[in-house]
Amino acid sequence: MKNKLLFVILLLNFTTLFAQNQTRQDALVLYHNGDYRESIRVCEAELLENPNRIESYVVMCWSLVKNKQYAEAEQRAMEGLVISPYDLRLIEILGEAKFYLGKNNGAMEQFQRYVASAPENGSRVGTAYYFMGEIFIKQARFQHADIALSSAVKKEPTVDSWWVRLGYARESAGNYLEAVNAYDEALRLNPSSIDASRGRERVSAKLQ
C-alpha cells in the first residue's frame with residue numbers, strides 16, 4: 001500500500017513538472033511563431049506560480065518588445081534584473097525597450113554592459129551593436145556609428161538594412177569611398193533596396 005501511494009505521489013510530481021516544462025517551452029515556441037500576445041499570457045501565468053522564474057521574464061520581455069509594448073518591457077526587464085542582476089538577456093532587451101522609448105542614454109548603457117560581458121558568439125551581440133550605431137547616428141557621432149555598425153555587420157553580415165545604415169553613417173562622416181562599399185554590399189544582399197540605391201547615387205555624385 002505504501003509503495004502504491006509513493007508511486008502515485010511520484011507520478012503526480014512528474015506530471016506537474018512536465019506540465020510546467022511544457023508551459024515554458026510553449027511560451028518560447030509561441031514567441032518564435034510570432035504569437036507574442038499568447039506568449040506574454042503564458043509567461044504571466046508562470047510568474048504567478050513562481051515570481052522568481054527568470055526564463056519567464058526573459059521570454060515575456062522579448063515578446064513585449066516584439067509586440068511594441070515598450071514601457072511594459074522596460075518595467076518587466078527591470079523587475080527581472082532585481083532577481084538576477086547579471087542576466088545578459090534581460091540587460092540587452094532592457095536596452096531595446098529603452099531605445100524604442102527614446103531613452104537613448106539609458107539604452108546605450110545597457111547595450112555597452114551587454115557587449116562588454118557577452119561571449120563573442122552571443123546571440124544578440126550584433127543586434128546590440130546595431131542599436132548602438134543607431135544611437136550614435138541620432139547623436140551625430142558618425143565615426144562612432146561607423147565603428148558600432150561595422151561590428152554589427154561583422155557579427156551578422158547578411159542583414160542588408162544594417163549595411164545601409166553603415167553606408168549612411170560613413171556618408172555622413174564624409175567617408176564616401178567606404179560608404180559606396182557598404183551600399184554596394186547592401187545591394188548585393190538585396191538588389192531592390194531603395195535606400196541603398198539612393199544612398200549609392202548620392203555618394204557617387206559626391207565622388208565625381
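A short reminder: the numbers here are calculations on the coordinates, not readings from a lab. Just so it is clear, the structure is predicted and the values come from calculations on it, not from any experiment. Note that we place each Cβ from the backbone using ideal geometry, even for glycine, and neighbour counts take in every protein chain shown.
Counting only the backbone N, which residues of the range 87-128 are under 13 Å from the spot 7 Å out from the Cα of Glu156 toward its beta-carbon? Only 93, 96, 122-128 fall inside the zone, counting backbone N under 13 Å. Helical content alone sets the calculated 222 nm signal of the chain at -26500 deg cm²/dmol, taking -39,500 (n - 2.57) per DSSP H segment of four or more residues and averaging over every residue. Each peptide in 126-136, 194-204 was scored by the mean count of other Cβ atoms within 10 Å over its residues; highest first, the order is 126-136, 194-204.
With the charge dipole of the range 67-208 set up from +1 on Lys and Arg Cβ and -1 on Asp and Glu Cβ about the Cα centre, the Cα lying farthest toward the positive end among the listed residues Tyr100, Gln112, Gln69 is that of Tyr100. Suppose R0 equals 22 Å; then what is the FRET efficiency for Glu201 and Ile147 from their Cβ-Cβ distance, rounded to the nearest 0.05? Efficiency at R0 = 22 Å is approximately 0.30. Since only Phe136, Leu189, Ala179 are under comparison, the one whose Cα sits farthest along the positive direction of the charge dipole of the range 119-208, derived from C-beta charges on Lys, Arg, Asp and Glu, is Phe136. Under a model in which nothing but the beta-carbon of Lys, Arg (+1) and Asp, Glu (-1) is charged, the range 140-203 shows a dipole of about 120 debye around its Cα centre.
Dipole magnitude for the chain: computed about the Cα centre from +1 point charges on Lys and Arg Cβ and -1 point charges on Asp and Glu Cβ, it is near 40 debye.
Placing a pseudo-label 7 Å from each Cα along the Cα-to-Cβ vector at Ile54 and Gln112 gives an inter-label distance of 2.4 nm. For Leu166, neighbours were defined as the other residues whose beta-carbon sits under 13 Å from its Cβ, and their charges (Lys and Arg +1, Asp and Glu -1) total -4. Put a plus charge on the Cβ of each Lys and Arg, a minus charge on the Cβ of each Asp and Glu, and nothing anywhere else: the dipole of the range 89-208 about its Cα centre is then about 220 debye.
What's the whole-number percent of alpha carbon pairs in the chain lying beyond 32 angstrom?
Details: 7004 of 21528 pairs.
For the chain, the fraction of Cα-Cα distances above 32 Å is 33 percent.
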